[in-house]
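Here is the structure we will look at.
The values are calculated or read from the model by the stated rules, or taken from the named source; none is laboratory data. Since the structure is predicted, the reported quantities are computational estimates derived from the model, not experimental observations. Here the Cβ positions follow ideal geometry from the backbone for every residue, glycine too, while neighbour counts run over all protein chains shown.
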């Protein structure tokens, strides 16, 4: 073995999260997509601190500089999970652009999140839901 007989070390939890939210290669399941999607929504809700003015009924965001950073990170993370989900049903990641087109984004999110993946390996890698031995 090239490692002097040692087994390769599995990636740590931080590396797994980094790949999930910022990696653009590989595939993720529908379950992982929705969990990541709602995590992004919750983090944005906390960072943006949305409040409704009781007098005018208008929505205000009070997050300041943190909100801008959180929004940029959320865009990248949403794009990354969308690309990997598209890869799961053998579609090119370029279609993830539809996630940022008003109105079409709702349809694209539902489509990407509900369409079953390709069973078994495809050109983007192994199926994400392979049962361990």
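Structure summary
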| item | result |
| --- | --- |
| Test: residue in the stretch 5-16 that is under 15 Å from residue 77 (Cβ atoms) and at pLDDT below 95 | yes |
| One residue from 71, 110 being surrounded by 14 or more Cβ atoms within 10 Å (Cβ to Cβ) and under 21 Å from residue 40 (Cα atoms) | 71 |
| Condition met for residue 36 (in a helix (DSSP H, G or I) and touching a strand residue (DSSP E or B) at 6+ places or on another chain (Cβ under 7 Å)) | no |
| Residue in the stretch 95-116 that is closer than 24 Å to residue 17 by Cβ, assigned to a loop (DSSP other than H, G, I, E, B) and either touching a strand residue (DSSP E or B) at 6+ places or on another chain (Cβ under 9 Å) or without any contact (Cβ under 8 Å) to a residue 24 or more places away in the chain (or both) present | no |
| Condition check for residue 57: in contact with a strand residue (DSSP E or B) (Cβ under 9 Å, 6 or more places away or on another chain) and more than 23 Å from residue 27 (Cα to Cα) | no |
